[in-house]
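**Student:** Once you've had a glance at the structure underneath, I'll fire off some questions.
The values are calculated or read from the model by the stated rules, or taken from the named source; none is laboratory data. Only a predicted model underlies this, so the values are computations on that prediction, with no experimental measurement involved. Using ideal geometry, Cβ is built from the backbone for each residue, glycine included, and neighbour counts are taken over all protein chains shown.
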Amino acid sequence: RCAAVAALENKGQVAYPHKFATTLSVLSYRAKYEGWIADGEKVPENIERLAGEGLQKRTQGRIVFMELYQGGHKVQVMATEDNFGSSEAFWDTVNSVRRGDIVGAEGFPGMSKKGELSLFVRSLQVLSPCLHMLPKKGLKDQEIRYRQRYLDMMLHPEVRDTFVTRSR
């Protein structure tokens, strides 16, 4: 992972960009667009910028799906070659995003064919790369869960919600 950061800097890109202005939080994005967009419909005239932690990424042919988490809320991000311009730029950008990275995405809202609210991405930027590999199956060892609470809260949202409830 450190080698990936060094490779970005060798290409002339900034590994940790100074600023990324968002238009909405993930929660307000869901509140604004969930409900009035039909399945399979897109709204390309509304450009939104979201940022969050990318914890899941899956590829199906020329479409890449990511889940962007911010403050306990998630939104699906869909990236296709058509929205990026060139195929090479698309795959370079998508392959640079890894699980756990903080990502900034710019695109337009829409619903996937399965009815999930999505952001159809025009540009994607890694804002802060995750330097440690996150466990895919979650933490099962109780001792590690207690010792590394930050990791436990990242992987188990219900634990984070319990902490928030107790702090009130």
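**Student:** Please indicate, with yes or no, whether at least one residue in region 76-93 is β-branched (Val, Ile, Thr), under 8 Å from the mean Cα position of the chain (by Cα), surrounded by 17 or more Cβ atoms within 10 Å (Cβ to Cβ) and not in a helix (DSSP H, G or I). Before you say what the answer is, go through the steps one by one.
**Tutor:** Within region 76-93, the first condition is being β-branched (Val, Ile, Thr), and the residues that meet it are 77, 80, 93.
Filter once more, so that each one left must be under 8 Å from the mean Cα position of the chain (by Cα): 77.
Still in the list and also surrounded by 17 or more Cβ atoms within 10 Å (Cβ to Cβ): 77.
Then keep just the ones that are not in a helix (DSSP H, G or I); that gives 77.
Checking region 76-93: at least one residue is β-branched (Val, Ile, Thr), under 8 Å from the mean Cα position of the chain (by Cα), surrounded by 17 or more Cβ atoms within 10 Å (Cβ to Cβ) and not in a helix (DSSP H, G or I).
**Student:** In addition: Being of a type in the set (Lys, Arg), touching a helix residue (DSSP H, G or I) at 6+ places or on another chain (Cβ under 9 Å) and either in the same structural domain as Val126 (by TED's automatic domain parsing) or free of Cβ contacts under 8 Å to residues at least 60 places away in the same chain (or both): is that true of Lys57 here? Talk me through it step by step, then tell me what you get.
**Tutor:** Details: of a type in the set (Lys, Arg): yes; touching a helix residue (DSSP H, G or I) at 6+ places or on another chain (Cβ under 9 Å): yes; either in the same structural domain as Val126 (by TED's automatic domain parsing) or free of Cβ contacts under 8 Å to residues at least 60 places away in the same chain (or both): yes.
Spelling it out, Lys57 is indeed of a type in the set (Lys, Arg), touching a helix residue (DSSP H, G or I) at 6+ places or on another chain (Cβ under 9 Å) and either in the same structural domain as Val126 (by TED's automatic domain parsing) or free of Cβ contacts under 8 Å to residues at least 60 places away in the same chain (or both).
**Student:** If the Cβ limit is 9 Å and pairs must be 6+ apart or interchain, which residue in region 13-27 that is within 20 Å of Gly72 (Cα to Cα) pairs with which residue that is among the aromatic types (Phe, Trp, Tyr)?
**Tutor:** Thr23/Tyr29; Val26/Tyr69
**Student:** Assuming Pro129 fulfils every condition listed in (1) farther than 22 Å from Ile47 by Cα; (2) surrounded by fewer than 16 Cβ atoms within 10 Å (Cβ to Cβ); (3) touching a residue at least 24 places away in the same chain (Cβ under 8 Å) apart from one, which condition is it?
**Tutor:** Condition (2) is where Pro129 drops out.
**Student:** Restricting the search to region 15-45, which residues are among the hydrophobic types (A, V, I, L, M, F, W, C) and either in contact with a helix residue (DSSP H, G or I) (Cβ under 6 Å, 6 or more places away or on another chain) or surrounded by 12 or more Cβ atoms within 10 Å (Cβ to Cβ) (or both)?
**Tutor:** Of region 15-45, the ones among the hydrophobic types (A, V, I, L, M, F, W, C) are 15, 20-21, 24, 26-27, 31, 36-38, 43.
Within region 15-45, Ala15, Phe20, Leu24, Val26, Leu27, Ala31, Ile37, Val43 meet the criteria.
**Student:** Let me ask another. For residues in region 25-69 being in contact with a Phe, Trp or Tyr (Cβ under 9 Å, 6 or more places away or on another chain) and part of a loop (DSSP other than H, G, I, E, B), which is modelled with the lowest pLDDT? Quick ask: steps written out before the conclusion?
**Tutor:** So the first thing to find is which residues in region 25-69 are in contact with a Phe, Trp or Tyr (Cβ under 9 Å, 6 or more places away or on another chain), and the list is 26, 42-59, 62, 64.
Keeping just the survivors that are part of a loop (DSSP other than H, G, I, E, B) gives 43-47, 62.
Details: Val43: 89, Pro44: 90, Glu45: 92, Asn46: 92, Ile47: 94, Arg62: 86.
Among those that are in contact with a Phe, Trp or Tyr (Cβ under 9 Å, 6 or more places away or on another chain) and part of a loop (DSSP other than H, G, I, E, B), it is Arg62.
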